[in-house]
Amino acid sequence: MGVSRRSVITTALAGTVATALPVAAATTAAEAASPPGDVVGKVTVGYQGWFAAPGDGAPINGWWHYSPNWSQPPAPGACSITCWPDMRDFTRGYRTNFANLGNGQPANLFSSYDQQTVDTHFRWMQENGCDVAALQRFNPFGGEGPTRDAMAAKVRTAAEATGRKFYIMYDVTWWLTMQSEIKTDWTTKMSAYTASPAYAKQNGKPVVCIWGFGFNDDGRPFTPAQCLDVINWFKNQGCYVIGGVPTHWRLGTDDSRAGFIDVYHAFHMISPWMVGRISDNNGADWFYTNRVLPDLADLNARGIDYQPCIIPGDLASGHRRHGELMWRQFYNHTRAGVPSVYISMFDEFNEGNQIAKTAESAAWQPTNSGMRALDEDGTPCSSDYYLRLTNDGGRMLKGQIALTATRFTVPFPTGPDQTAPSVPGNLRVTGNTDTTVALAWNAATDNVGVAGYRISRVSGSGSVAIGTTGSLAFTATGLTGSTAYTFVVAAYDAAGNTSGASNAVTVTTSAPPNNTTNLAQGKPTSESSHTQVYGSGNAVDGNTGTYWESANNAWPQWLQVDLGAATAARRVVLTLPSNWGTRTQTLSVTDGSTGATIVSSRGYTFDQNAANTVTITLPTTTSVRYLRLNFTANTGWPAGQVSEFRVYTG
């Protein structure tokens, strides 16, 4: 189990706190040791991705990081988060034992294991100037390992779809066998992710961060020799290595062990910890004078990059002051000439220092939670305020707007919103069949936030809306084979403002199969099991947007269709929703009546770039009424999944 970083020793300021804002900026702007890249000159956010709930399919199968007892739903007095997430952008939630929200809605929480959750988080990053996500990775050799492995794949998918970068950030807390195991984990699992175009590179090298060397506590007892061995090993692997180090690393005092200066100077980049260190602007100014400027000078002299930490403040303790604390840090780092920052954290609802959308008032959190909402100090703040503040602070850091000590980001937009979102970009076709066309596009932006996208089909008589979605992909269904269709997409916000239409794309659906009659459509089905509303009937309803999904982690599973009479079936076509990530399912085809094998078990890859469709050719001797699919594995989800189960005679 990952240990909260709040457990790291919290120290008092080692000096007298300034009582007024210093007016003298640094005499010269510091120059980065490295040129701008994927982390230098960028805003990086720490991404935990460590929330789960029973029923979400995660191997950990519990209320991971939500409840002290993962087998019990979070409830008053038994809850591990200190702030309530804003759930409005998520399509799936998990019911807790809290009372309803102040607005009467059920008290649901998201699971990081749902791809839609990660996609939504990365869309927020994209919309708010968060360039890079540092995926936190605690000891993966324990019970959390399989879930953390899966989260890495989900982050890659979301990063690639939104144009964000990501890198692996190892946290060595209580990972006492780290020295050898971190190398094994990198070579056997994590290094494969560097092949992704979304994996962060700096100076041409894949980025990896190690957080925790040199901290003065029992959870990180490693010697300087052990730490240097690991750092140099990663360097020899061709990596650019970041060190998440103690606040007082340069002095070797307080939260830092003595004798580690050579370890710290071995990193390519230093990122000192700040959570729990400051609670107001005076504290931020003291650290600017006594730590940031001397740290930066020390590192510049050695050609080491600097990535100081910015925190929004502990909401649960009332430190945020409607954005004043966070903005002061952006101001101080900008005037110091710091090129890169690390935001702690994006989704750390346990410590209350998240910037992700959070309950803005009592209406959006449980009535019996006892938690602070964003308006806790009497100033209304929209749920996305700290995302918007990060966006503006990042623009100031990068020189895109003038340096100012005055926070100008409006906590809560007032008056009617009359600004339409920007036009979605690069509408494109990602796959098609005889009856479907899969579309994708680049995100639009909005002054408040994009609420969704409306997809329309264009013809000579005008355009007709065919659906809406909150994601960046959509599949048009019910189309005719060998027919040309033209599509556009527009963005809209919560106030109803709609952007102009995107570029139009025209695509011709593929030719229908030799025999165009799908014998399975609308026929009776049966199954070994299903979860929630994803019953077997969804697989024969002619809609690729609905699907059957079996119970999780209970192999084998099966799905069967009754064709009504013995039929000379020759071809089975299986699909998944076209916006799902690529996965391989292992299955066989049998006669559901006799149990006889028709097609032996093998893996079938549902490729997102090929409309997530596979075809299984049946032997010419096949005559069957009850056609059964038997599933034993799925690389994308621990259950059998089918959107459409089609059967043809030709």
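The values are calculated or read from the model by the stated rules, or taken from the named source; none is laboratory data. Note that the structure is a prediction, hence the values are computed from the model and not measured. Cβ sites come from the backbone with ideal geometry, for glycine too, and all protein chains shown count toward neighbours. Quick note on the areas: whole protein, heavy atoms, side chains included, nothing else; ligands and nucleic acids left out. Shrake-Rupley method; radii C 1.70, N 1.55, O 1.52, S 1.80 Å.
Of everything in the stretch 442-461 that is open to solvent by less than 30 Å² (accessible area, probe 1.4 Å) and more than 19 Å from the chain's Cα centre (by Cα), the residue that is farthest from residue 491 (Cα to Cα) is 456. Among the residues here, residue 232 does not qualify as open to solvent by 10 Å² or more (accessible area, probe 1.4 Å), touching a Gly at 6+ places or on another chain (Cβ under 8 Å) and part of a helix (DSSP H, G or I). Scanning the stretch 353-379 for residues being in contact with an Asp or Glu (Cβ under 7 Å, 6 or more places away or on another chain), of a type outside the set (Asp, Glu) and either part of a loop (DSSP other than H, G, I, E, B) or open to solvent by less than 10 Å² (accessible area, probe 1.4 Å) (or both) gives a total of 9. Report, by residue number, each residue of the stretch 301-313 that is out of contact with any helix residue (DSSP H, G or I) (no Cβ under 9 Å at 6 or more places or on another chain) and open to solvent by 10 Å² or more (accessible area, probe 1.4 Å). Hits for the stretch 301-313 are 301, 303. Restricting the first member to the stretch 620-636 and to residues that are assigned to a loop (DSSP other than H, G, I, E, B), and the second to residues that are modelled with pLDDT under 95 and of a type in the set (Phe, Trp, Tyr), no beta-carbon pair is closer than 6 Å while six or more apart or on different chains.
Scanning the stretch 334-343 finds one or more residues that are surrounded by 20 or more Cβ atoms within 10 Å (Cβ to Cβ), farther than 30 Å from residue 52 by Cα, at pLDDT 95 or above and β-branched (Val, Ile, Thr).
Considering each residue of the stretch 484-500, count those that are open to solvent by 60 Å² or more (accessible area, probe 1.4 Å) and closer than 13 Å to residue 429 by Cβ, and give that number. Of the residues in that region, 1 qualify. Being assigned to a loop (DSSP other than H, G, I, E, B), crowded, with 16+ Cβ neighbours inside 10 Å and in contact (Cβ under 8 Å) with a residue 12 or more places away in the chain holds for only one residue in 503, 552, 538, and it is 552.
Residue by residue through the stretch 282-314, note down the ones that are of a type in the set (Ser, Thr, Tyr) and closer than 18 Å to residue 34 by Cα. 306 - this is the single residue of the stretch 282-314 that is of a type in the set (Ser, Thr, Tyr) and closer than 18 Å to residue 34 by Cα. Considering (1) open to solvent by 10 Å² or more (accessible area, probe 1.4 Å); (2) in contact (Cβ under 8 Å) with a residue 60 or more places away in the chain, the lone condition that residue 298 does not fulfil carries the number (2).
May I ask you to list pairs of residues, at least six apart or on different chains, whose Cβ atoms are under 8 Å apart, with the first in the stretch 484-500 being without any contact (Cβ under 8 Å) to a residue 40 or more places away in the chain and the second being surrounded by fewer than 19 Cβ atoms within 10 Å (Cβ to Cβ) and in a loop (DSSP other than H, G, I, E, B)? Sorted first by the residue in the stretch 484-500, then by its partner, the pairs are 486/504.
List the number of the failed condition for residue 584; all other conditions in (1) at pLDDT 90 or above; (2) closer than 26 Å to residue 475 by Cβ; (3) open to solvent by 10 Å² or more (accessible area, probe 1.4 Å); (4) in a loop (DSSP other than H, G, I, E, B) hold. Going through (1) at pLDDT 90 or above; (2) closer than 26 Å to residue 475 by Cβ; (3) open to solvent by 10 Å² or more (accessible area, probe 1.4 Å); (4) in a loop (DSSP other than H, G, I, E, B) one by one, residue 584 breaks only (4).
Restricting to the stretch 103-122, and then to whatever is closer than 30 Å to residue 391 by Cα and touching a strand residue (DSSP E or B) at 6+ places or on another chain (Cβ under 8 Å), can you tell me which residue is surrounded by the fewest Cβ atoms within 10 Å (Cβ to Cβ)? So the residue we want is 108. Residue 562 fulfils the conditions (1) open to solvent by 30 Å² or more (accessible area, probe 1.4 Å); (2) under 24 Å from residue 617 (Cβ atoms) except for a single criterion, (1). If the condition is being of a type in the set (A, V, I, L, M, F, W, C) and modelled with pLDDT of 90 or more, then the stretch 598-636 contributes 598, 599, 606, 614, 616, 624, 627, 629, 631, 633. Might you let me know whether the stretch 127-140 holds any residue that is open to solvent by 10 Å² or more (accessible area, probe 1.4 Å), small (Gly, Ala, Ser) and assigned to a loop (DSSP other than H, G, I, E, B)? Yes, the stretch 127-140 contains at least one residue that is open to solvent by 10 Å² or more (accessible area, probe 1.4 Å), small (Gly, Ala, Ser) and assigned to a loop (DSSP other than H, G, I, E, B). Among the residues examined, residue 453 qualifies as assigned to a strand (DSSP E or B), hydroxyl-bearing (Ser, Thr, Tyr) and touching a Gly at 6+ places or on another chain (Cβ under 8 Å). Only residues that are aliphatic (A, V, I, L, M) and either open to solvent by 40 Å² or more (accessible area, probe 1.4 Å) or modelled with pLDDT under 95 (or both) were counted across the stretch 184-208, and they come to 2. Among the residues of the stretch 75-87, is any of a type in the set (Ser, Thr, Tyr), crowded, with 23+ Cβ neighbours inside 10 Å and within 16 Å of residue 365 (Cβ to Cβ)? No: the stretch 75-87 contains no residue that is of a type in the set (Ser, Thr, Tyr), crowded, with 23+ Cβ neighbours inside 10 Å and within 16 Å of residue 365 (Cβ to Cβ). All conditions but one from (1) part of a helix (DSSP H, G or I); (2) within 30 Å of residue 33 (Cα to Cα); (3) open to solvent by 30 Å² or more (accessible area, probe 1.4 Å) apply to residue 322; the one that does not is (2). The one condition from (1) in contact with a Ser or Thr (Cβ under 6 Å, 6 or more places away or on another chain); (2) surrounded by 14 or more Cβ atoms within 10 Å (Cβ to Cβ); (3) part of a loop (DSSP other than H, G, I, E, B) that residue 511 does not meet is (2). Counting only residues that are in contact (Cβ under 8 Å) with a residue 60 or more places away in the chain, polar (S, T, N, Q), open to solvent by 60 Å² or more (accessible area, probe 1.4 Å) and assigned to a loop (DSSP other than H, G, I, E, B), the stretch 407-439 holds 2 of them.
Going by the conditions given, is residue 570 open to solvent by 30 Å² or more (accessible area, probe 1.4 Å) and either under 15 Å from residue 620 (Cα atoms) or among the aliphatic types (A, V, I, L, M) (or both)? Yes, satisfied. Scanning the stretch 57-68 for residues that are in contact (Cβ under 8 Å) with a residue 60 or more places away in the chain and closer than 19 Å to residue 136 by Cβ, we see that the one that is most open to solvent (accessible area, probe 1.4 Å) is 59. Evaluated against (1) under 19 Å from residue 347 (Cα atoms); (2) open to solvent by 10 Å² or more (accessible area, probe 1.4 Å); (3) charged (D, E, K, R); (4) in contact with a Phe, Trp or Tyr (Cβ under 8 Å, 6 or more places away or on another chain), residue 171 falls short on exactly one condition, (2).
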